[in-house]
Structures are given as structure tokens and as C-alpha cells.
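J.: Please see the structure below; I have some questions.
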Amino acid sequence: MIITEQKSGEDLFALLGSARRVVLLGCSECATICKTGGTEQLLEFEKKLKTRGLEVSARCVLNPACNAQVVKKALKGIREELAGADAIVSFSCGDGTQTVAKLVGQMEHTFHIPVYPGNDTLFLGETTRAGEYVEACRACGRCELGWTGGICPVTCCAKGLLNGPCGGAKGRQCEVNADEECVWLRICDRLAAIGQLDNLLEIRPPRDYLKNVHPRRHVLESRRSADRLKEARAKEGQDAK
Amino acid sequence: MSMLSEVLKIDRFAVTAEFAPPKGTDMDHMRVCVRLAKGRIHAANVTDFQSAVMRISSLTACKVVMDEGVEPVIQITGRDRNRIAIQGELLSAGVLGIKNLLAVTGDHPKMGDHPNAMPVYDLDSVGILQVATTFMSGRDLEGNSLNGRIEFFPGAAVSPTRQTMMPQIMKMRKKITAGARFFQTQAVFDLDLLREFRRLTTPFDVPVLAGIVLLKSAGMARFMNRAIPGVEIPEGIIARMDRFVGKERMNEGIRLAGEMIRTIRDENLADGVHIMAIGAEERLGQILDEAGL
Ligand code: SF4
Ligand code: SF4
């Protein structure tokens, strides 16, 4: 899940500047679970806007905000409300907000409207208990869990070390974050339990940052072959002419 | 040739001391302290942005140490530089004729005076040792050839603590594989722990210098227990320091350091000591007098 946190009212009003009429968009997935982009939160923000004399011309929870087809349809559905809007605030993750911003910029009836993020996107994580989320994966591009007993050092070690503990732990706690156990001690315990402690003796090479050249893109093989087929057909058509 | 490596090779009890470069361009105090230590230590470690605090770089301060006639140990952490900058820094060390190298991971920026800085850790201590090793074979990390020869005596740090002994020793073995030819430990105060560590690491046949920190008060000991990564000071030592006030506290710290060094040498608990006076480098001579070195 993508963990988000709502920006402060102050930050949001600074973004909105002189806008008078605003459209609020939320997201039915991660942002709803994180209580940053569900119906409830949109209503709360609407209340704040109203006390400042701003008007909300439409409110819509996208299902979900990161799906272009869904967003396109939703924007068409509120075409009239959007017509007089000065700004759109998107309460989803950064991905959802960009999907919205891109489509808003492409559609004739909306391209002049600025889109602002209502949330800060924090990390990819899991729910540990209601209202508490912990980062679990940094989407590093080469999953190391296979030799670490299923515990991620890239994410859970404050220094992202791959060759074992830094030596700074206090007791069992991490030097950087006293609330967390040093992840390398957890990995050691787990590897001992599954009889794979020797994994720790192998020198791990530095990470390959070529896998992290941003923005990253991933194309499925089925997509590639479909593209090739299309190209070949187009070429055949031309040749026939 | 590195004098430190020679001393360790002939099994003489080695003595190194730590010097932190100043914050600002005035090197006078550091020069004075290094001059005082000259002839009494085998090499001077120069820390690399110690405790993640921005200051003069290790490379420049190593040059100053050399100018004073003392052999430096350049410390390089993985915290602030990526693999390109680390390799460049080590090549530069080679140009200056710096032989001893201590590869360390480095305290997190959060612990220092620029807590918002980006933590790099592109290479860890093992990766930095690999750089030194590949350099000596005439190649960089990517296998490209280097012109000119470069010679290092690479070492690494180890933190023997009760709770992390096993993983620390496993990492130590990796560091040896990566090229570490000597070790300096984090501050040790618990000699039983050091005995255990000696027993476990003797088979590796790589010299270890035990870290000795000069305690200046019980308050400093408590602070270190709370805030300095990898340090564990037993209650007994804190109680001993607690009995003294004013100037006597420093004197007791010097006696304590001297006693520990004597025991370490007499019982062969390490192949040498690495003294960290932390801001009281001018007292180094007194510690060595107390230790009978
Ligand atoms: S190693 Fe960690 S950050 Fe990388 S993909 Fe696996 S879980 Fe994610
Ligand atoms: S104490 Fe453990 S988790 Fe924390 S930075 Fe060091 S190795 Fe990583």
C-alpha cells in the first residue's frame, strides 16, 4: 500500500492562492485506508475551505485515482462543475495526483485548471495496527529477500546496508532510530532459525543504480510482442500499397 | 612502506591515536597535538567527518599530519561519498603517499550537525576495502586500469558488544576477505568482553588494536552510553569516575586508560591499542606514561 499524509491546511491554502472555486478529488484505495483521501476527509477539507469563504463546486472519490480510464470518465462526469473551477486538489498519492494532472491537461474542458496535491506521499508500507503504518519496501529493483530470511535490509536498515550490521547498535536497538531493533540482528536470528546463517558470509556487491534511473518504466513481454505484431502488420499494409 | 604494518608484522605492541580535523581552517591546535604525539605513536588516525559533523576532510588533515612527521591513517566512510568520489579520494591519498586506510560505514547524518543531509552509503565498509584491494591490482571497481602504482595497508573497524558479537564477527570475516589487514575496535571498557573477543578472533590471524577512550567524567561515560553508537561502559567504571570531582576526574580517566592499556598488553588481549582522547589529544603523552609505553 502507498502511505500518504495530508498536507497541512496552511500549505494547502498557500498552494490555492487566490482560487475561489475548488474541485476536490479523493481516492478509494490506499488514500482511503490512510484516511487522507476518502469521502470523510474531503468533507472535512470542504468545511475548512468554506470557513475561508471558498466554494467547493464538486467532490469525487476516484476508484482509484491511478487508473487513467477511471479518472477520464470521472472528469467527464463532472464536466459542468469543472467548467467554473479555479483549482483541483487531489487527495491521493503522488501517482494518482499525476494521473489526474495529466488528464486535466489533456482534456479541452479542463486544460486551464491547475491541479494541486492534497497529500504528501510517504512510502510503500503495511498496516501494523489501525492508524499505524511501517515502510516495508523501497522498490529497489533487485529483491534481496531471498537470502535475508524475508526481511528487507534495504528498507529496514537506516543505512540500507547489504553486508551486515554497521556496529552502531545500542543493545539490540538501531543507532539511528532507537525505537527500531537493528534489522541485521533480526535477519541473523531468522537466518539461524532456518539454517542459513552462512548467507551472511557472502560479500554482497554494491547496489546497481542503473536499475533506478528515474523515471523507471516496465513493459511486459506480452505488451512488447503485441507492439511488434502491430508494427509488422502496419509494414505489410504499406508494402501491399 | 607503512610503519604501522611493519610494527604489526614484527609483533610489536602497536599504538595509534585518533585526531579529529577542526571545524574551520585553523589547523594550529591539531598541529600542536600531533607534534606532541610524534615519536610516541606509530600512526595517527584522521577521522572522516567524525560523528557526521562537517569539518576539514580527512585527506587534507592527513597531509598536515604527514607534514608534522607522523604517519597518518586516512579514515573513509561510506556516508557522504558515492563509489566515484570514494575511489577518487583514495587515488588522491595515493598521490600524497598515504598508506594506511581505515574503512568505516560511518555514523548516520542524523547524528551530526547537518541532520537533513542525504545519507549516501553507496559503498559500505566492505565495499571500501574492495576498492583498496582492486586499486592495488591496478584496477578500479569497474575493472578499468589505473596508471601508476598504489599501495595501501587497509584496515577496518569492529565493535565487540555482547548483543551483537556473532554478527560482528561474521562481518569481520567478510572484511578480511575483502582485504582488511588490521582492525581497530570501537571503545572497549569491558575487559572480559575483550577477552572473549580475543578468543573468538585469534584464529583469523589479523592484528587487532583495542580502542581506548579517555573518559573525562562520569557524565561523559553516561553520555557515551546513551548517545555514541556501539559503546557500552560498565556501571563499575562509571561508579569509579563518579568518586572524583574537578581536575581529578581527568586524572582518573588518564589512570584508567593507562591501566587498561597495561592489562591489554600484559595479557595479550590485543596486538596494540588505538587511543581516542576526543578533544584532549594533548593528554596523549600522559596516558602513554601511565601505561608505561
Ligand atoms: S530488497 Fe527490499 S526494497 Fe528491494 S524489492 Fe525487496 S523488499 Fe523491496
Ligand atoms: S544499527 Fe542496524 S539497522 Fe541501524 S543503521 Fe546500523 S546496521 Fe542498520
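The values are calculated or read from the model by the stated rules, or taken from the named source; none is laboratory data. Here the structure is a predicted model, which means the values were calculated and not measured. When we count neighbours, we look across all protein chains shown, and the Cβ atoms used for this are built from the backbone with ideal geometry, even at glycine. The area values use the complete protein model at the heavy-atom level, side chains included, leaving out ligands, DNA and RNA. Shrake-Rupley method; radii C 1.70, N 1.55, O 1.52, S 1.80 Å.
Listed here are the residues, each with its yes/no results for (1) open to solvent by 50 Å² or more (accessible area, probe 1.4 Å); (2) at the interface with chain A (Cβ under 9 Å from one of its Cβ atoms).
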{"position": "B:170", "(1), (2)": "no, yes"}
{"position": "B:181", "(1), (2)": "yes, no"}
{"position": "B:190", "(1), (2)": "no, no"}
{"position": "B:199", "(1), (2)": "yes, no"}
{"position": "B:204", "(1), (2)": "yes, no"}
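J.: I would also like to ask the following. Can you pull out every residue in the range A:137-161 that is within 7 Å of ligand 1 (Cβ to nearest atom) and in contact with a Ser or Thr (Cβ under 7 Å, 6 or more places away or on another chain)?
T.: A:137, A:138
J.: Consider residue A:166 carefully, then state whether it is more than 16 Å from ligand 1 (Cβ to nearest atom), within 14 Å of chain B (Cβ to nearest Cβ) and either modelled with pLDDT of 90 or more or buried (at least 16 other Cβ atoms within 10 Å of the Cβ) (or both). Don't jump to the end; show me each part of the working.
T.: Working: more than 16 Å from ligand 1 (Cβ to nearest atom): yes; within 14 Å of chain B (Cβ to nearest Cβ): yes; either modelled with pLDDT of 90 or more or buried (at least 16 other Cβ atoms within 10 Å of the Cβ) (or both): yes.
Judged against the criteria, residue A:166 is a match.
J.: Looking for whichever is more than 14 Å from chain B (Cβ to nearest Cβ), modelled with pLDDT under 95 and either part of a loop (DSSP other than H, G, I, E, B) or in contact with a Lys or Arg (Cβ under 9 Å, 6 or more places away or on another chain) (or both) here; the options are A:223, A:216. Which one fits? Talk me through it step by step, then tell me what you get.
T.: Numbers: A:223 fails: either part of a loop (DSSP other than H, G, I, E, B) or in contact with a Lys or Arg (Cβ under 9 Å, 6 or more places away or on another chain) (or both).
One residue alone meets the criteria, A:216.
J.: Given the residues A:96, A:118, A:160, which is the only one that is in the same structural domain as residue A:215 (by TED's automatic domain parsing) and modelled with pLDDT of 95 or more? It would help to see each step written out before you state the result.
T.: Details: A:96 fails: in the same structural domain as residue A:215 (by TED's automatic domain parsing); A:118 fails: in the same structural domain as residue A:215 (by TED's automatic domain parsing).
Being in the same structural domain as residue A:215 (by TED's automatic domain parsing) and modelled with pLDDT of 95 or more holds for just one of A:96, A:118, A:160, which is A:160.
J.: Let me ask you something else. Residue A:174 passes all but one of (1) within 16 Å of ligand 1 (Cβ to nearest atom); (2) without any contact (Cβ under 8 Å) to a residue 60 or more places away in the chain; (3) closer than 24 Å to residue A:125 by Cα; which number fails?
T.: In the conditions (1) within 16 Å of ligand 1 (Cβ to nearest atom); (2) without any contact (Cβ under 8 Å) to a residue 60 or more places away in the chain; (3) closer than 24 Å to residue A:125 by Cα, residue A:174 misses (1) alone.
J.: Sticking with this one: Against the conditions (1) at pLDDT 95 or above; (2) basic (Lys, Arg); (3) touching a strand residue (DSSP E or B) at 6+ places or on another chain (Cβ under 9 Å), where does residue A:190 fall short? Just the number, please.
T.: All conditions are met except number (3).
J.: Also, I was wondering about something else. What residue, of A:201, A:229, is of a type in the set (A, V, I, L, M, F, W, C), open to solvent by 70 Å² or more (accessible area, probe 1.4 Å), more than 16 Å from ligand 2 (Cβ to nearest atom) and more than 29 Å from the chain's Cα centre (by Cα)? Even if it seems obvious, please write down each step before you answer.
T.: Details: A:201 fails: open to solvent by 70 Å² or more (accessible area, probe 1.4 Å).
Testing whether each residue is of a type in the set (A, V, I, L, M, F, W, C), open to solvent by 70 Å² or more (accessible area, probe 1.4 Å), more than 16 Å from ligand 2 (Cβ to nearest atom) and more than 29 Å from the chain's Cα centre (by Cα) leaves just A:229.
J.: Report the residue count in the range B:43-58 for those that are more than 15 Å from the chain's Cα centre (by Cα) and either more than 14 Å from residue B:112 (Cα to Cα) or of a type in the set (Val, Ile, Thr) (or both).
T.: Number satisfying all stated conditions: 3.
J.: So which residues in the range B:1-22 are of a type in the set (Phe, Trp, Tyr) and surrounded by fewer than 21 Cβ atoms within 10 Å (Cβ to Cβ)?
T.: Kept after step one, since they are of a type in the set (Phe, Trp, Tyr), are these residues of the range B:1-22: B:13, B:19.
Result: B:13, single match.
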